[in-house]
Each structure stands twice: as structure tokens, then as C-alpha cells.
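S.K.: Before we start, here is the structure in question, set down as C-alpha cells.
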Amino acid sequence: MQLLPEQIMGILPFGGVGAEVVASLIAAAIIGTIMLTNTALAGPWAKRKITAAFTDRIAVNRIGPFGLLIIVADAVRLLSKELIVPEGVDRPAWDLAPLIIASTALLGFSVIPMGSIVGINMHLADPEAGLALVFAFASMASVGLVMAGYASNNKFSFLGGLRAVAQNLAYEIPLILTGVSVVIFAETLQMSEIVAAQQETLFTVAGIAVPSWYAIVNPFAFVLFVIANLAEVGRNPFDIPEAPTEIVAGYQTEYSSVYFVLIYLGEFIHIFLGGAIIATLFLGGPAGPALPGFIWFMIKIWAVFLFTQWARSAVPRVRIDQLIEIGWKGMLVLAFANLFLTAVIVGVVL
Amino acid sequence: MSLEEPQAPDVGVTGEGDLDYDALEDLLGDNVVDREQHENAEGFVIRPDEVEETLSTLKEEAGFDHLSSVTAQEYQDRYESIYHLKKFDDPTQELSVVVPTARDDPVSESAAGVFDTAEWHEREAYDLVGIEYEGHPDLRRILLPETWQGHPLSQDYNQDKPQIVPLREHANPMEEKTKIPDDPDTMFVNIGPHHPATHGVLHVKTTLDGEQIADLDPDIGYLHRCEEQMCQQSTYRHQIMPYPDRWDYISAGILNEWAYARAAEDMADIEVPEYAQVIRTMSAELCRIAAHLLAVGTFALDIYGDFTAIFMYAIRDREVIQNILEDLTGQRLMFNYMRLGGVAWDLPEPREDFFEQTRDFLDELPDRLEEYHNLLTSNEIFQMRVIDTGVLPPEQAKSFGATGPVARGSGIDYDLRRDDPYGYYDELEWDVITEDGCDNFSRALVRLKEMEQSGRIIEQCLDLLEDWPEEDREIQANVPRTLKPEPDTEIYRAVEGAKGELGIYMRSDGTDKPARFKIRSPCFCNLQTLPVMSEGEYIPDMIASLGSLDIVLGEVDR
């Protein structure tokens, strides 16, 4: 199936390199807009509603149906705030950090196969090293966190930045190692191939064909990955770089107005990116019965979003030293064990 | 205690367990210059250069291990510091050590070497009254800004003259101050006065070594509202009672009111009708549950880090109590329900509805507490965070004058409701909760279990109130319209507030207003233990310890 830019190029009235560039830009804009729309829905509205449901409240219900127009109200409110630039911030690092945090997570979606709807394949690019690329994009957000923490000239931000580094080192490695165990199964880094490898039927129960999603094939890796992903996106019990009540708001303490929105946005896109990686690697990507693939894909990333919000409402935060311990002494060992076992099983049995 | 061998009573205690002041005077020998009559605690007058010696003799040999409070005041001819001593084993055995100093040179020896808690109390005395303490480790102002001129509770202070401290002259409270100067490995951070976890305007000057706390100095006074001064300008009978609601304003209003009511009633020999005592006991315990709910909720907030389930659940349950108290007192926060000699009014009509409403809450309480235990105390990540962090050894807790759930979390079996009974508590069946963990977990656990006990107390009070014959429902004793206690009556009386021992010292001068009104705030003393709990621990543990102390800045700063 053709990728989205190729499909757009087909309907453009001109050809050549120009058409390729224009088509790519249009396609990227479409994917970007879809993800930003999701974030707009998640940040001001869904997060409030979900948290309220967990904590016995009602939350926004006055503006628009189900309070949905709070999204508009919040957008106006956030954009009209004054941007306060503290004295002694390290520019341009301070200005670049929110951009990096927001854009890197968005970049990750360029290689995610999001399934098709009404014949349009929502997939921007499918390079051979797709998985490596998406992990790289996801990790680049930490660079933004460190920049924000360091450039803010605020001690709480600084602590948050340092914590972000420590946390990401402790969790990136298990995360990627667990991802690699999937690659051993699929024998490819290409995202579309990984999805395709999960479409076969694993076994049939009472007439229902169970697909060979890697969450079912290797549930242990799935659990490891979901936990490491919580740390990767910085949500409870691993929201240590922000840690309100300890270090105020961590790396984002000094950000206001649009910069704050960008950081906030980046966090939500990051959660969705985490969901997209989980969906692609373990949940068969856009696969699912009856509904179009794109809808299934959205359902899956929203399910992961819901899970992170649940963890946020119900699980206490661990301490930074405990997190490092869990990361290096627990997760890393388990991730290596998982990788080794997978390699042995795939190499010997299959 | 019952399992231990019966100990010989302390020096100065008779076989019946009463204090023998003459024996104590003999123990101190020449140190006692004179004796003074205080209600329920005789005063020994000593010389200002023998404070440490006297107090340490009393602590080591006579068992007075609890320096409850230090009151400073100025007379026409002298300054005076009063050290209110008690015993953790039996707080009815009280003694006042009175230290007069000359008006022209008010210098007295510090007691900080004997009792750690004296450090802050003497700083407050210096700040507000102007007595200087020799040998004090760190004698600076505590409630007022460093640049304040004069001492507001001294007699020659001009209270009408406004003091404007411009920013440029103001000693910068944010200035870096650390006991570990110029160490490149440490970082100074101001946690507060505006910080999500300080539960008010507390400012903690913190020196960090990485993520660990190297040094810590709580800076208070941001919420100082001259409560003592205002009480000194108000009449006993009606005008003082609204103020206690504003000390510990987190639902503990009626408990605070009782502190004043008890002190004033003992001072003026007012007998409170039994029916009113039962209502007082019931409403006070309702307040205690509400206060503990908020304490547990915010403690969870500090650990979880967001407005999470447990906090909202606590707020929701507290709301039910607020509704009950609103029906009873007409107010949701500043109850102003007690009166000298009784309470403002009887239970709301129809009484059946009130009983039903309260019983519904009590019936639900065990399930609710079970849920808190599920969410908090049996949560493994929560346990990982709070067990063995913020350790407060009992010896230090005593020396810092810690009381209430903080002391009981360190295994100190001290509860004024049982040990120095008032109200209707000694007629009811309930237990004092102690935990031996000495850590953040124990303090949270004590609060959760205390709610259960408060529920028991309320239940029994409800039974009593329901069966009380209609003709005997006397809510108010006969109290003169203008209350003028005998001149020079001095009294220090305490009750068990939500946070611990809430004491009040009053001295009358024959008018209808107290000449000196001193509040012994439990939060003030408990907060002093924060450095003990936190130094060497991680920042998150310090925040957790602060949460487990459950301070209310309105009561710390007064």
C-alpha cells in the first residue's frame, strides 16, 4: 500500500522533485494536525474528565456539551498569558527547549504506521531503520528537558533537569532492550514489517482467531515495556523530573504562556508517542476487526493514555534513588534476561 | 507501663502521686529564691543565672522531662520568663519556674542546653517581649522581620506607630544562610514560602548536597497575626472566644476553643454542666476527625504528588463532617461554638435528624478508613516511601516538646484527654493510639487509627445525648456578665488539640481583660523537630516528614 505522501503526489497536478516536497509537507501537516488535535482533546478536556472520574469529581461541564468547549477557552487563556522571561536565563537554550520537547515527540509519528481510513494510508515514511528512528526521536525529548532545567537559572529546574537525565538513563536502556526482543521476533526494524509480522493467527479459541500480537506472544516483554514507558513519559510513579510538591514543577518551573503550552503539549504528544510505540510493537499496530485501522490505532493509543492517567491518580511517586535502583538493578536485569531468552527461543526453537 | 515493675516515684512526688512542692524545693536548695502561687502549678522563683542548673536538676532528678512552654512578660518593675514544666508520664504534675530579670538589663540564662524546645520558645520571647537569653545558640527574631524596631509586647513599645520596613532596608529573608559556608559541593535552596508542599507560608532554608539535605532551617512568621496581642485586648467573657478558631484553622476550631474555655473556666472557677461537656466532647472529636482527614489527605498528596484519589476522598469525607458541624454550630470553619461555662446552643432541632445524620457518618466511617488503609498504608510503593524515613527518636521528640500524633508516632504514650482529663473523656471507653516506628509511616498510621477512636467517642456521646432527660439539658452555667478574675491569678492549662498539646497561659490584673495571654502551639513545637527528621535524608523525604508533622501555619505563627 502506498504511503501518504505518495498518495498525495498522485493527485497533485505537477510532478518531479517539487511535487515530492509539496506532497511530503502536506502529508506531514495532516499527521501533525491529527496528533495535535488528539493532544488538544487530551490536555484540557480528557485529562480533567479522567482524573475527575478517578477522584470522585465531575470536572468541566459548563462550557459546551460535556464541557468540550473548555478546549477553546483554555487555548485563549493560555495564549493570552504574559510570557515571563526570568533574569539570567541562558538564551537561546531556554527558548529552544520547549520547541525541542514538543517537536521531537511529534517527529516520532513520521514513521508510525497509523493504519488506513477511507483508503488513505496514514503512514508518512517507512524507512528500514524505523524502530531505531522512533526510539531516537522519543529519547531526544530528554535533551529538551536538560536544556530547560539548565537554562532556566532556577535551582528547582536544575534539580528537575538532573533528575530527568538520571531517570532517562535508567529507563531508556531497558526500554530499548525490550524493543529489541520484539525485533528478534519480527526480524526487521521496519515498522510496517513489524506490524505485518503480528497479523498471523497464533491460535484459535472457540472460533475466534487470536493474532500473534507480541503482547500475547511475549507478555513479559509487554509488561516490562509498559512500565519502562511510564518512566519514559514521566508519569506516576515515575514523574520525578517534575515532582510537584518536591521541586515545584522541576524543569518547567520558569516557563509561562506559550512556552509552557509547548512543554505541556510535548508531554502529551510524548505520551501518545509512547502509546503508538506500544501499539505498533505489541498490539498489532492498526489491526483490529470491523472498524478501520486508523480508528483502532487511535483506540489503542488512547487506551495507553488512559493507563498513564490511571497510574497518575492511584500510584504514589517513588523517590529518585529508589527509581534508579529499580531501573538499574531490576528493569535492566529483567530486560537482558528477556532479550537473552527471546534470542535463545527464536534461535533454537523457531 | 503495667508490665514494668512498679517504679519508685520521682523525687518530690508523694505516695498518692501528687507533687510535693516542699520536697522539690529541698531538692533545688538555694536555687529557689521564692515561691509563687499559680493555679495547678506552683511557681519557684529562681535567679536568672541559675536557669540551666535548676532545670537540669528538675529534669534529671525530679523527672520533669517536658518543657511545655515558655512565657515571657513584662511587669512595671521587672521582666519575667516562666518555664512551664510537666512530665510526659503524668502531665498533671506541673511546675512553673519563674525567672525574673531586671527591667534595665533583661538578661537571663538560656534553657536551650537542657530542653531543645527552649530554643524557639526563647527566640519568641526575645522577639516579642525583649528578654535576652545568655548562652542561647542562635538568638534572633523568629516571628517578626530581622529589621523590626522594638519588642511589641513590651510596655514601652509604641503600638500606634506603624513600622514600615522598605524592601531595601529589609533584611532579605531569602538571603543565603547556611551552616556549611562556601562548600562547592552544596547548593542552597529556599523551599517556600511559596511552594506546593509547605502547607501554607512556611519557608525552609535548605542546603542540599546533591539530592540529600545537608542543613535545614525552618523560617516562620509569615502568618503572624498578633493573636496573643488581640486576646490581651479582648474581654474574657465574649471577645476572646472567636480567636482560637483562627489558630489551627483546618477544621480544628472547637478543639482550640476548648483550650481557651478550659483555661478561663479553671481560672474563674466555673463549673460546666455535664450535658454541655458531652456536647463539647462530641463536637471536639468531630473536629479531630475532620482535621486528621485533611492531615492524611495532604500527606498523601505530598507522597503521590498530584490531586489524587486519596486527597479527594479525604476532602469528600471531611465535607460530611463539615455539614454536621454546620448544623450544630451554624458555621463551617470558624465555629465560635463554645462559651465560658458551656456551649452556644443545644443540638439542632429536630434532634432525631441530627442524630441520624451523625450516626450515618459513623456507620460509614469504618469502611472509609478501610479504604484509606487500602490506598495508603497497605500500598507497597507508599510503604517504600515512608517506612524508616523521617525518623524521630522518642528522646529527641520529648526534648523538642513534640506532642500529639507526632509524639505518639514515636511511641510516647501521651494524650492529655486521658492523662489530664477534662470534658467527658474519662467517663468514656476509648484508647490512646501509639506506634513505635518513629517514622513518617507511624505518624500517618496514628492519625488513621485515632479517627477510629474518635468515632468510638462520638458514638458514646450520641448515646448519652439521646437518653439525656429533657429537663436536665443544661448547656450553660451561670457566668457573670463581666468576668473579672482575681488580680494576679496565673494559670497554664492545656488540652489535646488536633496537632497536640494546645496550652494557654493567662495572667489576670483584676480587669476584664487578661494582662498576658500566651498560646503554646503544638505545631510550633512539632515543627522544631523537622531538622532532626530530615537532615541526611532526601528532599522527597523531607517533604513527606513535613506532611507527616501536619503543621498549620496559622497555629505556628499565631
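The values are calculated or read from the model by the stated rules, or taken from the named source; none is laboratory data. Everything numeric in this text was worked out from a predicted model, so none of it was measured. Glycine also receives a Cβ, built like all others from the backbone with ideal geometry; neighbour counts cover every protein chain displayed. Keep in mind that these areas ignore ligands, DNA and RNA; they rest on the heavy atoms of the full protein, side chains included. Shrake-Rupley method; radii C 1.70, N 1.55, O 1.52, S 1.80 Å.
S.K.: Taking amide hydrogens as modeled 1.01 Å from N in the peptide plane, which residues meet the under 5 Å criterion relative to B:Leu216, leaving out close sequence neighbours?
M.R.: Result for B:Leu216 returns B:Thr207.
S.K.: Further, regarding this structure: What ³J(HN,Hα) values, in whole Hz, does the Karplus curve 6.51 cos²θ - 1.76 cosθ + 1.60 give for the stretch B:244-250 when θ = phi - 60°, with x put for Gly and Pro?
M.R.: x, 4, 8, 7, 9, 7, 8
S.K.: So, in nm, how far is label A:Val72 from label A:Ala303 when the simple model puts each one 7 Å beyond its Cα toward the Cβ?
M.R.: Label-label distance for A:Val72 and A:Ala303, simple model: 3.4 nm.
S.K.: Summarise the accessible area of the stretch A:11-61 (1.4 Å probe, protein heavy atoms) by the percent that is carbon and sulfur.
M.R.: Details: 1900 of 2610 Å².
The computed percentage sits at 73.
S.K.: A further question follows. If the viscosity is 1.306 mPa s and the temperature 10 °C, what Stokes-Einstein diffusion coefficient in µm²/s follows for the stretch A:47-149 when Rh is the Kirkwood radius over Cα pairs? Walk me through the numbers before you get to the answer.
M.R.: On the way: Rh = 17.4 Å.
Calculated translational D: 91 µm²/s.
S.K.: Turning to a different aspect of this structure: Which residues belonging to the stretch B:294-317 lose at least 20 Å² of 1.4 Å-probe accessible area when the assembly is complete, relative to their chain isolated?
M.R.: Those are B:Asp302, B:Ile303, B:Tyr304, B:Gly305, B:Asp306, B:Phe307, B:Thr308, B:Ala309, B:Met312, B:Tyr313, B:Arg316, which lose 20 Å² or more relative to the chain on its own.
S.K.: Here is a follow-up. Work out the FRET efficiency for B:Leu333 and A:Leu341 from their Cβ-Cβ distance, taking R0 = 51 Å, and round it to the nearest 0.05.
M.R.: Numbers: r = 60 Å, r/R0 = 1.18.
Step by step, r from the Cβ atoms, then E = 0.25.
S.K.: Report, to the nearest whole %, how much of the accessible area of the stretch B:1-172 belongs to carbon and sulfur atoms, 1.4 Å probe, protein only.
M.R.: Values: 3500 of 8160 Å².
On the stretch B:1-172, the fraction of accessible area on carbon and sulfur atoms equals 43 percent.
S.K.: Moving on to the next point. Expressed in nm², what is the orientationally averaged projection area of the convex hull enclosing the Cα positions of the protein assembly as shown?
M.R.: Working: hull surface 186.6 nm².
Reported value for the Cα convex hull: 46.7 nm².
S.K.: What's the local net charge at A:Ala40, with K and R +1, D and E -1, over the other residues with C-beta under 12 Å away?
M.R.: Around A:Ala40, the surrounding residues sum to 0.
S.K.: Summarise the partner chain shielding of A:246-252 as one whole number: the mean count of Cβ atoms from other chains within 10 Å of each residue's Cβ. Working shown, then result.
M.R.: Values: counts 15, 9, 5, 1, 0, 0, 0.
Rounded to a whole number, the mean comes out at 4.
S.K.: Right, another one. For B:Phe188, list long-range residues whose amide hydrogen, built 1.01 Å from N in the peptide plane, is under 5 Å from its own amide hydrogen.
M.R.: Result for B:Phe188 returns B:Leu208.
S.K.: Any idea what the relative contact order of chain B is, in percent, if you count C-alpha pairs under 8 Å spaced at least 6 apart?
M.R.: 17
S.K.: Let me ask you something else. Taking the Cα centroid of the stretch A:109-141 and of the stretch A:1-41, what is the distance between the two, rounded to the nearest whole Å?
M.R.: If we compute the Cα centre of each part, the gap is 13 Å.
S.K.: Put B:Met506, B:Met334, B:Met384 in order of accessible area, largest first, 1.4 Å probe: what do you get? Show your work: numbers first, answer last.
M.R.: Numbers: B:Met506 0, B:Met334 50, B:Met384 80 Å².
Output order, biggest surface exposure first: B:Met384, B:Met334, B:Met506.
S.K.: Same structure, new question: Indicate the gyration tensor shape class of the stretch B:227-557 (rounded, prolate or oblate), computed on the Cα atoms with a ≥ b ≥ c the square roots of the eigenvalues: a/c under 1.5 is rounded; otherwise a/b larger than b/c is prolate and the rest oblate. Before the final figure, lay out each step's value.
M.R.: Working: a/c = 2.07, a/b = 1.33, b/c = 1.56.
Oblate, because a/c is 1.5 or more while a/b does not exceed b/c.
S.K.: Could you give each residue of the stretch A:48-53 its phi-based ³J(HN,Hα) in whole Hz, using Karplus coefficients 6.51, -1.76, 1.60 with θ = phi - 60°, and x for Gly or Pro?
M.R.: With the stated coefficients, the stretch A:48-53 comes to 5, 5, 5, 4, 4, 5 Hz.
S.K.: Mind checking the mean number of beta-carbon atoms from other chains within 10 Å of the Cβ atoms in A:205-213? Write down the numbers at each step before the final one.
M.R.: Numbers: counts 0, 0, 0, 0, 0, 0, 0, 0, 0.
For this peptide, the per-residue mean of nearby foreign Cβ atoms is 0.
S.K.: List the GluC sites (Glu not before Pro) within the stretch A:110-208 that fall in a DSSP loop (any state other than H, G, I, E or B) and whose Cβ has at most 13 other Cβ atoms within 10 Å.
M.R.: On the way: sites: A:Glu128, A:Glu172, A:Glu187, A:Glu193, A:Glu200; in loops: A:Glu128, A:Glu187, A:Glu200.
Within the stretch A:110-208, the qualifying GluC sites (Glu not before Pro) (loop, at most 13 other Cβ atoms within 10 Å) are A:Glu128, A:Glu187, A:Glu200.
S.K.: May I pose another question? For the stretch B:1-172, what does the convex hull of the Cα positions come to per residue, in cubic angstrom? Mind dumping the intermediate values first?
M.R.: Numbers: hull volume 23.9 nm³, N = 172.
Spread over its residues, the Cα hull of the stretch B:1-172 gives 139 Å³ apiece.
S.K.: Another one. Using only Cα atoms, locate the centre of the stretch B:366-433 and the centre of the stretch A:176-236, then give the distance between them in Å, rounded to an integer.
M.R.: Answer, in whole Å: 48.
S.K.: Please figure out what share of the DSSP beta bridges in the stretch B:1-172 is antiparallel and state it in percent, rounded to the nearest 5.
M.R.: Details: 21 of 28 bridges.
The answer is about 75 percent antiparallel.
S.K.: Under 5 Å between amide H atoms, partner at least 5 residues away or on a different chain: which partners does B:Val45 have, H built in plane at 1.01 Å?
M.R.: B:Val33, B:Asp34, B:Arg35, B:Glu36, B:Val98
S.K.: Within a Cβ distance under 14 Å of A:Gln198, other residues only, what is the Lys/Arg minus Asp/Glu net charge? Please list the in-between numbers first.
M.R.: Numbers: positive: A:Lys300; negative: A:Glu187, A:Glu193, A:Glu200.
Computed value for this residue: -2.
S.K.: Heavy-atom accessible area per residue, the stretch B:1-172, 1.4 Å probe: how many Å²?
M.R.: With the other protein chains kept in place, the stretch B:1-172 gives 47 Å² per residue.
S.K.: Considering only the protein assembly as shown, what is the antiparallel percent among its DSSP beta bridges, to the nearest 5?
M.R.: Numbers: 56 of 64 bridges.
Among the beta bridges of the protein assembly as shown, antiparallel pairing accounts for roughly 90 percent.
S.K.: Does the stretch B:326-440 classify as rounded, prolate or oblate by the C-alpha gyration tensor (a ≥ b ≥ c root eigenvalues; a/c under 1.5 gives rounded; else a/b over b/c gives prolate, otherwise oblate)?
M.R.: Numbers: a/c = 2.52, a/b = 1.51, b/c = 1.67.
Verdict is oblate for the stretch B:326-440.
S.K.: As a test question: what accessible area, to the nearest 10 Å², does A:Ile63 have when a 1.4 Å probe is rolled over all protein chains in place?
M.R.: Accessible surface of A:Ile63 is approximately 70 Å².
S.K.: Based on DSSP H assignment, which helices of chain B show an axial Cα extent of at least 30 Å together with a mean Kyte-Doolittle hydropathy greater than or equal to 0.0?
M.R.: On the way: long enough: B:274-304 (44 Å, 0.76); B:351-372 (31 Å, -1.47); B:440-467 (41 Å, -0.35).
Length and hydropathy pass: B:274-304.
S.K.: Quick one: grab the alpha carbon gyration tensor of chain B, order the square roots of its eigenvalues as a ≥ b ≥ c, and give me rounded if a/c is under 1.5, else prolate or oblate depending on whether a/b is larger than b/c. Can you show the working numbers first?
M.R.: Details: a/c = 1.41, a/b = 1.08, b/c = 1.31.
Note, shape of chain B comes out rounded.
S.K.: Do you know the relative contact order of the stretch A:91-349, to the nearest whole percent, from alpha carbon pairs under 8 angstrom that are 6+ apart? Could the numbers behind the result be given before it?
M.R.: On the way: 428 pairs, mean separation 72.3, N = 259.
Taking the mean separation of contacting Cα pairs over the length of the stretch A:91-349, I get 28 percent.
S.K.: Tell me, in nm to one decimal, what length is gained between B:Glu352 and B:Asn40 on full extension, where the rule is 0.36 nm per residue of separation less the Cα-Cα distance? Present the calculation step by step, with values, prior to reporting the outcome.
M.R.: Values: separation 312, 0.36 × 312 = 112.32 nm, distance 4.06 nm.
In short, 108.3 nm is gained.
S.K.: Set the bar at 20 Å for Cα to Cα. Now go through B:Lys86/B:Lys205; B:Lys86/B:Lys398; B:Lys86/B:Lys449; A:Lys47/A:Lys155; B:Lys86/B:Lys499 and name every pair that lies beyond it. Before the final figure, lay out each step's value.
M.R.: Details: B:Lys86/B:Lys205 32 Å; B:Lys86/B:Lys398 11 Å; B:Lys86/B:Lys449 26 Å; A:Lys47/A:Lys155 29 Å; B:Lys86/B:Lys499 18 Å.
In this structure, B:Lys86/B:Lys205; B:Lys86/B:Lys449; A:Lys47/A:Lys155 exceed 20 Å between Cα atoms.
S.K.: Also, quick follow-up: How big is the stretch B:232-298 along each principal axis, measuring the range of its Cα positions in Å and listing the largest first?
M.R.: 40, 31, 14 Å, listed from the longest principal axis down.
S.K.: What is the mean number of Cβ atoms from other protein chains located within 10 Å of the Cβ atom of each residue in peptide B:378-387, rounded to a whole number? Don't skip to the end; give the middle numbers.
M.R.: Values: counts 0, 3, 1, 8, 5, 1, 6, 6, 1, 0.
Mean partner shielding for this stretch: 3.
S.K.: Sorted by accessible area (1.4 Å probe), largest first, how do B:Lys161, B:Lys87 line up?
M.R.: Working: B:Lys161 130, B:Lys87 5 Å².
The ranking, largest first, comes out as B:Lys161, B:Lys87.
S.K.: Sticking with this one: Using +1 at the Cβ of each Lys and Arg and -1 at the Cβ of each Asp and Glu in the stretch B:406-558, identify which of B:Ile458, B:Val446, B:Ala515 lies farthest towards the dipole's positive end.
M.R.: B:Ala515
S.K.: Any idea of the accessible area per residue across the stretch A:91-349, 1.4 Å probe, to the nearest Å²? Please report the intermediate quantities before stating the final value.
M.R.: On the way: 9240 Å² over 259 residues.
The answer is 36 Å² per residue.
S.K.: Starting at 0 and stepping by 5 Å, how many percent of the alpha carbon pairs of the stretch A:267-314 end up in each bin?
M.R.: Pairs per bin, as whole percents: 6, 24, 29, 21, 12, 5, 2.
S.K.: Can I ask one more? Over the Cα atoms of the stretch A:91-349, what is the Rg over Rh ratio if Rh follows Kirkwood? Display every interim value, and only then the final one.
M.R.: Numbers: Rg = 18.6 Å, Rh = 18.8 Å.
That ratio is 0.99, to two decimals.
S.K.: Got the relative contact order for the stretch B:1-172 handy, in percent, Cα pairs under 8 Å and 6 or more residues apart? List each step's numbers first, then the result.
M.R.: On the way: 292 pairs, mean separation 27.2, N = 172.
Answer for the stretch B:1-172 is 16 percent.
S.K.: Follow-up question, since we're still on this one. For the stretch B:500-510, take each phi angle, set θ = phi - 60°, evaluate the Karplus expression 6.51 cos²θ - 1.76 cosθ + 1.60, and give the result in whole Hz per residue in order, putting x for glycine and proline.
M.R.: x, 6, 9, x, 9, 9, 9, 10, 9, 10, x
S.K.: Run the accessible area of the stretch A:91-349 with a 1.4 Å probe and give the carbon-and-sulfur part as a rounded percent. Don't jump to the answer; show the numbers that get you there.
M.R.: Numbers: 7000 of 9240 Å².
Solvent-exposed carbon and sulfur of the stretch A:91-349 make up 76 percent of the total.
S.K.: Roughly how big is the A-B contact, given as buried accessible area in Å² (both sides, 1.4 Å probe, nearest 100)? Don't skip to the end; give the middle numbers.
M.R.: Values: alone 16120 and 22110 Å², together 35560 Å².
When A and B are taken together, about 2700 Å² of accessible area is lost.
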